[in-house]
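Novice: The structure is given below, and queries will be raised subsequently.
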């Protein structure tokens with residue numbers, strides 16, 4: 001399998017898709033989150049992907065993170081149309097890439113808890129074992145694996161059980177590349193308390209996995225998490241944390257600083273820790289990605 005990186009040492013992932021959609025005035029306060037716009041305003045999703053490419057991103061992550069056929073069906077969308085919307089998420093990113101002059105498309109595979117939209121994506125406390133989680137993911141996984149995306153982005157994985165489920169699915173699609181990124185609770189553990197090195201080791205020896213690391217996590221935890229993920233997996237690291245702001249669930253607001261100018265120097269720390277894929281997650285926009293691109297350059 002050809003290397004994802006080619007002759008590049010580091011590739012830049014885009015920033016927070018939902019954050020940028022909200023910047024453009026979208027209300028994403030329902031269970032489908034940004035995936036709602038696959039049906040309601042696909043042109044805006046394509047525009048945001050293009051904005052990130054133009055800011056210096058090498059990779060666009062699709063709007064399929066919180067999308068599932070079950071969630072669409074609960075909104076009255078027939079299954080065939082729901083599956084078409086998942087494929088559309090990839091086409092929109094591909095169109096933006098072509099408009100911007102090149103890049104890669106990673107089809108987002110969010111955790112089971114994202115589809116529940118109840119906050120459990122940050123704990124992994126689902127009450128399901130790895131086999132049942134693999135069964136839940138399998139339909140969407142194979143659909144996105146066959147979508148034409150350059151690779152799959154397994155994002156915000158909170159638990160060892162869900163990592164085991166995804167490792168099983170990776171083995172089912174040996175020709176499809178993927179990265180795996182966990183959510184972290186501190187500088188050494190994923191959200192359910194498992195050492196990230198132990199969770200990352202599940203993907204050691206799988207040649208189609210291009211990187212293992214962390215996303216949707218406070219930036220200060222990233223260097224330690226990336227080092228441990230690289231140590232456990234023997235693979236390159238991936239790092240795309242939140243802006244540095246913290247979410248207050250009671251007041252439903254973000255607090256703290258997330259200045260773009262701080263993101264460039266921080267990304268250099270992630271690279272030194274072993275990351276070869278770097279970008280931003282929640283509360284990061286094109287300016288954060290531009291600062292990373294400048295730093296990497």
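The values are calculated or read from the model by the stated rules, or taken from the named source; none is laboratory data. The structure presented is a predicted model; accordingly, all values stated were derived computationally and were not measured. Cβ: placed from backbone, ideal geometry, glycine included. Neighbour counts: every protein chain shown.
Novice: Cβ-Cβ distance below 6 Å, separation of 6 or more or different chains: which pairs start in the range 87-102 with a residue that is on the phi < 0 side of the Ramachandran plot and part of a loop (DSSP other than H, G, I, E, B) and end on one that is surrounded by fewer than 17 Cβ atoms within 10 Å (Cβ to Cβ) and modelled with pLDDT under 95?
Specialist: Filtered contacts from the range 87-102: no entries.
Novice: Now a separate question. If I ask for residues that are modelled with pLDDT under 90 and either farther than 23 Å from residue 30 by Cβ or in contact with a strand residue (DSSP E or B) (Cβ under 8 Å, 6 or more places away or on another chain) (or both), which ones from the range 43-73 would you list?
Specialist: none
Novice: Do we have residue 166 as under 24 Å from residue 102 (Cα atoms) and within 16 Å of the chain's Cα centre (by Cα) here?
Specialist: Considered against the rule, which asks whether it is under 24 Å from residue 102 (Cα atoms) and within 16 Å of the chain's Cα centre (by Cα), residue 166 comes out as no.
Novice: I'd like to verify a number: residues in the range 201-228 that are over 16 Å from the mean Cα position of the chain (by Cα) and more than 21 Å from residue 265 (Cβ to Cβ), how many?
Specialist: Residues meeting the conditions: 9.
Novice: Name the helices (runs of 4 or more DSSP H) wholly inside the range 22-75 in which the number of residues that are farther than 24 Å from residue 118 by Cα is 3 or more.
Specialist: 42-54
Novice: Hey, another quick one. Can you tell me which residues in the range 29-42 are surrounded by fewer than 23 Cβ atoms within 10 Å (Cβ to Cβ) and either within 23 Å of residue 214 (Cβ to Cβ) or touching a strand residue (DSSP E or B) at 6+ places or on another chain (Cβ under 7 Å) (or both)?
Specialist: Result: 33, single match.
Novice: If you don't mind, there's one more thing I want to ask. Go through (1) assigned to a loop (DSSP other than H, G, I, E, B); (2) surrounded by 15 or more Cβ atoms within 10 Å (Cβ to Cβ); (3) out of contact with any helix residue (DSSP H, G or I) (no Cβ under 9 Å at 6 or more places or on another chain) one by one and return the number of the condition residue 6 breaks.
Specialist: Against the list (1) assigned to a loop (DSSP other than H, G, I, E, B); (2) surrounded by 15 or more Cβ atoms within 10 Å (Cβ to Cβ); (3) out of contact with any helix residue (DSSP H, G or I) (no Cβ under 9 Å at 6 or more places or on another chain), residue 6 comes up short only on (2).
Novice: In the range 60-80, what count of residues is obtained for those that are free of Cβ contacts under 8 Å to residues at least 12 places away in the same chain and on the phi < 0 side of the Ramachandran plot?
Specialist: The total comes to 4.
Novice: Check every one of the helices (runs of 4 or more DSSP H) wholly within the range 105-194 and list those with 1 or more residues that are in contact (Cβ under 8 Å) with a residue 12 or more places away in the chain, in contact with a helix residue (DSSP H, G or I) (Cβ under 9 Å, 6 or more places away or on another chain) and under 22 Å from residue 74 (Cα atoms).
Specialist: 112-116, 130-145
Novice: Can you confirm whether residue 13 is in contact (Cβ under 8 Å) with a residue 24 or more places away in the chain, buried (at least 24 other Cβ atoms within 10 Å of the Cβ), out of contact with any helix residue (DSSP H, G or I) (no Cβ under 7 Å at 6 or more places or on another chain) and closer than 15 Å to residue 285 by Cα?
Specialist: When the stated conditions are applied, residue 13 passes them.
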